[in-house]
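Here is the structure we will look at, set down as structure tokens.
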Amino acid sequence: MKKTLIIEAPNSKKAAQRPPVFRSVDSRTIPPNLLDFAKGKKFYIRTYGCQANYRDEETMAGYLSEAGFERTDDPKEANLAIINTCAVRENAEEKVYGEIGSFKANKEKDPSFMLVLAGCVMGEEGVGESLLKTYPFISLIIGTHEVSKLPLLLSEVLKNRQTLVSSSSFSSEVVENMPSLRLSSFEAYVNISYGCDKFCTYCIVPYTRGRERSRQMSDVLKECQDLVESGYKQITLLGQNVNSYGLDLKDGTNFATLLDKVASLGIPRLKFLTSYPSQFTDEMIAVMAKHKNIDPWLHLPVQSGSSSCLKRMGRRYTREEYLSLAKRIREKIPDIALTTDIIVGFPGETEEEFEDTISLMKEVRYASAYTFIYSPRIGTPAARMVQVPHEITQKRFLRLKEVVDDLTKESSDKMLGKTVEVLVEGVSKKDPNKLSGYSRNGKLIHFEGPSYLTGCLVPIKVLSSKTYSLHGELVGDPLLLKAKDLAYLMSVDPFLGAFKNLGDVLSKDPELQSLGEKYIELKKKTALSMGKGKEYEEAKKTLLSYQDAIKSHPLLENYRSMEKEAREELSEIAEILR
Ligand code: SAH
Ligand code: SF4
Ligand code: F3S
């Protein structure tokens, strides 16, 4: 039987500790045996859960493509597959079991097939070991802290032909310079901090994702600047609690400063996830109100509308404080769409506490809400509290859903007849003739249009509304909208900008100008001396030497080499247009 080497298995006590932050810069070396193995092979990644997990997928995909693997969307043809798990959402744990089984066929077809389990579930105590008993063909189990070690661990699996488990609980690393194969070419997620120190009593995240630690502001800004220059239309700043960003850096950095700076880089749309109510400052509201490119949309999880329930949840605010914050936000940003997360059936939740949640939702008038049925996570304090019977939770959940549906419909109806800007995500999943995308306030809108508008910002007039989606029509000629988009892409491209600047410099450079004038003069002289034997020969020689001097002028050489690349870029753009 295949051996298993456990480098480190998760331990919830250890995971609750907060070790000092350790920063490193990845050298991005791919071990030679992995480079060999990857030749002609394909990888597939399936991710569950929140954006932090999707961002991890992009990093892992970055490593795999640097190793030489090609990405595939078809799990059946994968030679290496990663299941990136979530411990909170979508009954993700149960789904993982089914998913692992489906890769058995890959192993039978290709004995060198590698299955990697990653993500938050792998940071839960005992899960990895039990999975290995049922599915011995798993190659590697890693936690969220091992993402940057993926190439090294895969190389070890190949070398020793044994399964590895490496899911450390005691990590507080911030790794920079990791590769990234982004899932989209127009909307990007940027981590600003990792982990969480809030320890809400129901939540597993502080254990699976470790200590809260911020990236340096300069690293975040550099990543965002690169995205702007590559033509991205939307950036979402990510952290389990973005509002505490920078406080651990102890140099006066805070989220409001970061948000202000990122917005100033000029990305057309800027969002952030997730906000913790008691740390949402008035300074942040002011920054949001100041920048037109920060979307009028805010996800502000409340979890419960009852102060006593919030206290048991370990949330550090009361119902009144939350309502006052929502009011302050609406005062400064009247058209803001507020969304939230609610947990139903939290241990000890009384009918009265539940009613408080309903009344808070109606008072805040959320544009939509994610609703979760409480489910105990082993190792968290709430799992040891007295649980609410399932039937009661179920009834409350249905009542809550009705309220959410009504509020969602109400906020969608308000958009009827209005023309809003939509970032086109692509062809609608339900109707191949339709495109869909999101408005600035986070509403999904479907409309008819050509697929080449994917990734563009377009004006859409809203014509009708259903609970969870809106329908509209494109305002304007799609070709012109595409042309506008291309003009934008060219305006942010630093290379095309440099090329244009160089052209301007060139026309004003005094040395080049006098060379040019002299050249014209000599050209005339040569022309006039035509047929005059020696005089002509002399004039021609001087003219040629000036020609060489101009040709080899460093500014012109630069211009020529850039012109070639610029032409290539422009012809690519022309190709897209066609
Ligand atoms: N850091 C974010 C996201 C946390 S997980 C935040 O603080 O909002 C996303 C959501 O999952 C939470 O907001 C919560 O509503 C829900 N959730 C977390 N643990 C849960 C549990 N044990 N049972 C049910 N819902 C849970
Ligand atoms: Fe979990 Fe609370 Fe942290 Fe959000 S703030 S990740 S709910 S512990
Ligand atoms: Fe799930 Fe982990 Fe995110 S538990 S919600 S993937 S932080």
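Cβ-Cβ distance of Ile378 and Ser218, R₀ of 25 Å, FRET efficiency by 1/(1 + (r/R0)^6): the value works out to about 0.05. The trypsin sites (Lys or Arg not before Pro) found in region 1-49 that occupy coil by DSSP, while having at most 12 further C-beta atoms within 10 Å, are Lys2, Lys3, Lys39. Applying 1/(1 + (r/R0)^6) with r as the Cβ-Cβ distance of Ser278 and Asp413 and R0 = 45 angstrom yields a FRET efficiency of 0.90. Rounded to the nearest 20, the Cβ-based charge dipole of the chain about its Cα centre (Lys and Arg +1, Asp and Glu -1) stands at 300 debye. Would you mind checking the tilt of helix 510-528 against the longest principal axis of the Cα atoms of the chain, expressed as 0 to 90 degrees and rounded to 10? Approximately 30 degrees, to the nearest ten.
The antiparallel fraction among DSSP beta bridges confined to the chain stands at about 30%. A simple spin-label model places pseudo-atoms 7 Å from Cα toward Cβ; at Asp477 and Ser112 they are separated by 5.5 nm. Out of Leu258, Ser185, Ser278, whose Cα points farthest toward the positive end of the dipole of the chain (charges: +1 Lys, Arg; -1 Asp, Glu; placed on Cβ)? Selected residue: Ser185.
With 31 Å as the limit, the listed pairs Lys42/Lys271; Lys484/Lys518; Lys443/Lys482; Lys95/Lys222 have Lys42/Lys271; Lys484/Lys518; Lys95/Lys222 beyond it between alpha carbons.
Computed from Cα atoms, the angle from the helix 217-229 axis to the main principal axis of the chain rounds to 60 degrees.
With each label modelled as a point 7 angstrom along the Cα→C-beta vector, the Lys292-Gln17 pair spans 5.3 nm.
For Lys525, neighbours were defined as the other residues whose beta-carbon sits under 11 Å from its Cβ, and their charges (Lys and Arg +1, Asp and Glu -1) total +2. How big is the gap, in Å, between the Cα center of region 252-300 and the Cα center of region 328-344? Answer, in whole Å: 14. Within region 545-560, list the residues whose amide N lies under 12 Å from a label point set 7 Å along Cα→Cβ of Lys525. Only 545-546 fall inside the zone, counting backbone N under 12 Å.
Estimated from the Cβ-Cβ distance and a Förster radius of 35 angstrom, the FRET efficiency linking Asp73 and Leu35 is about 0.90. The sum of -39500 (n - 2.57) across all DSSP H runs of n ≥ 4, divided by the residue count of the chain, sets its helix-only mean residue ellipticity at 222 nm to -13500 deg cm²/dmol. Extension gain for Ile550 to Glu535 (0.36 nm times residue separation, less C-alpha to C-alpha distance): 3.1 nm. Multiplying the residue separation of Glu8 and Lys466 by 0.36 nm and subtracting their alpha-carbon distance yields 159.9 nm.
Short-range pairs are left out: with C-alpha atoms under 8 Å and at least six residues apart, the relative contact order of the chain is 9 percent.
I'd like the distance between the alpha-carbon centres of region 45-107 and region 356-418, rounded to an integer number of Å. Each part reduced to its Cα centre gives a spacing of 30 Å.
With each label modelled as a point 7 angstrom along the Cα→C-beta vector, the Asp431-Val505 pair spans 5.3 nm. Axis of helix 92-102 versus longest Cα principal axis of the chain: the two differ by about 70°, to the nearest ten degrees.
Among Val404, Val190, a tally of other beta-carbon atoms within 10 Å of each Cβ gives an order, fewest to most, of Val404, Val190. If we count every other residue with Cβ under 15 angstrom of Ala539's Cβ, Lys/Arg +1 and Asp/Glu -1, where does the sum land? With Lys, Arg at +1 and Asp, Glu at -1, the net is +4.
Since every read-out is calculated from the coordinates, none of them should be taken as a lab result. Computed from a prediction, not measured in an experiment: that's the story for all the values here. For neighbour counting, all protein chains shown are included, and Cβ atoms are generated from backbone atoms with ideal geometry for every residue, glycine included.
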